[in-house]
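Heads up, the thing below is written out as structure tokens.
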Amino acid sequence: MSFLYNLLVIATSYLLKIVALFNPKMKLFVDGRKNVFKILSHKIQPKDKTIWFHSASLGEFEQGLPVMEKIRILYPEHKIVLTFFSPSGYEVRKNSTAADVIVYLPLDTKNNAKEFLKLVHPEMVFFIKYEFWPNYLNELKQGNIPTYLFSGIFRKDQVFFKWYGGFYRNALTAFKMFFVQNESSKLLLNQIGFQNVKVNGDTRFDRVAKILERDNSLDFIEEFKDNKLTVVAGSTWPKDESNLVDFINSNAFGVKFIVAPHNVKADQIEDLKKSISKKVILFSEIQHKNLSEYDVFIIDTIGILTKIYSYADIAYVGGGFGTSGLHNILEPATFGIPIVIGPNFKKFSEAVALVNMGGCISVKSKKELEETLAFLIQNDDERFEKGHISKTFVEMNKNATDVILKNLAS
């Protein structure tokens, strides 16, 4: 199995170079890895002490941030090295101050793993949520480097739990401790012989709880809102937007709408704008405009959605009507906002829990979405109660980071 795996990784590396000729995202994936070892050799000296965090993409970075921040305080003499697998994580956070060195993770070949660990020489390693690269993990195990997984989630359909998954199960022996989000993950690991498992929840709750400590004000959103009830639709995809547009256009409640699409490509933004009959403005058009005169505000930029949620009275979070995955519901939840999502959310434990608690409402159709929004707009008590449930949910699940730090030495 080891031979076949390594052959597959090498073959994939050549295939990706061909795909990169036609796919801009894959070009970033390939080109971004070309100078990783050169960057590492320049930024990390043999005498440096380092701690390595690996994140698949942007969501995992957000989960890892509370731990990175605490580790920096506890180990001020160490350099934090952060790797990403995906361009959607690296390209957005490559200039983050959370780490001293931020690079793509080279593909999981034996030579890459050896060279990477030789240059980084970490004293401690953290993998966030998932991504289990056998060659890296085997090298970490051979080097006797303490390696941890946190905010982990395991499912019974993963290869580790199949009869043919021995090669991948063996890679898991590199971990000194698994910090997982739920009991089912712990039981699955126990069943294949791992007892070094602790249930401590999801570190994302710590990150979103800290959002309340910062300044979330945005003058232009405040001007647009104009003290009116506001619905914020965040991280929307075209399917979400098509379900929302008729309700926005027929809105007779006098509410404002802010739409922050997941994809801010100019052509898609223009299509969305044209579909709205109400008075609409883009973020890129706000200079010298009286924003209070507009009904709909389309955010054609990235990086400010979290602050925008602080102005919401109702939040719709996108992704639940498609197959790409539900987006982050915890950011609006921490502000004490009732949340509406599509039907595809069962793979997201926080969404399942909040739907069951009543702070989040899942709708199955455009008609249900319209009825739910109308209900929340017209019923202040229901809106406030569901918002209170959302805020309490975040508060109840904080402190996963502290559990990790307390157990590092054990």
As straight-line cross-link partners of Lys118, the qualifying lysines (C-alpha separation under 24 Å, not fewer than 8 residues apart within one chain) are Lys34, Lys38, Lys43, Lys47, Lys49, Lys79, Lys94, Lys110, Lys141, Lys176
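So with the 1.4 Å probe, I'd like the accessible area per residue for region 248-318, rounded to whole Å².
I get 45 Å² per residue for this part.
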Tell me the carbon and sulfur percent of the accessible area for the chain, rounded to whole percent, probe radius 1.4 Å. 54 percent
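Taking only protein heavy atoms and a 1.4 Å probe, what accessible area per residue, in Å², does region 1-201 have with all protein chains in place? Can you show the working numbers first?
Details: 9820 Å² over 201 residues.
Dividing the accessible area of region 1-201 by its residue count gives 49 Å².
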Probe 1.4 Å, all chains present, heavy atoms only: Asp219 accessible area in Å², nearest 10, is 120 Å²
Can you list residues whose amide H is under 5 Å from Phe126's amide H, if they're 5+ apart or on another chain and H is modeled 1.01 Å from N? Trp52, Phe53, His54, Tyr148
What's the longest bit of the chain with no exposed GluC sites (Glu not before Pro), using DSSP loop states and at most 11 other Cβ atoms within 10 Å as the test? 214-410
Can you work out ³J(HN,Hα) from phi for every residue in region 195-201, in order, using Karplus 6.51 cos²θ - 1.76 cosθ + 1.60 and θ = phi - 60°, giving whole Hz and x for Gly and Pro? 9, 7, 10, 10, 7, 9, x
For the chain, what does -39500 (n - 2.57) per DSSP helix run (n ≥ 4), summed and divided by total residues, give at 222 nm, in deg cm²/dmol to the nearest 500? -13500 deg cm²/dmol
Using DSSP to call loops (not H, G, I, E or B), can you name the trypsin sites (Lys or Arg not before Pro) in region 1-72 whose Cβ has at most 11 other Cβ atoms within 10 angstrom? Lys34, Lys47
Karplus-derived 3J(HN,Hα) from phi for region 359-368 (6.51 cos²θ - 1.76 cosθ + 1.60, θ = phi - 60°), whole Hz, x at Gly and Pro, runs x, 10, 10, 9, 10, 9, 8, 4, 4, 5
Round to the nearest 10 and report in Å² the accessible area of Ser362, as given by a 1.4 Å probe over the protein chains' heavy atoms. 30 Å²
Candidate aspartates and glutamates for bridging to Lys364, where Cα separation is under 16 Å - those fewer than 8 sequence places away on the same chain excluded: Asp240, Glu241
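The values are calculated or read from the model by the stated rules, or taken from the named source; none is laboratory data. The structure displayed is predicted, hence computed values, not measured ones. When we count neighbours, we look across all protein chains shown, and the Cβ atoms used for this are built from the backbone with ideal geometry, even at glycine. Calculation scope for accessible area: heavy atoms of the full protein, side chains included, ligands and nucleic acids excluded. Shrake-Rupley method; radii C 1.70, N 1.55, O 1.52, S 1.80 Å.
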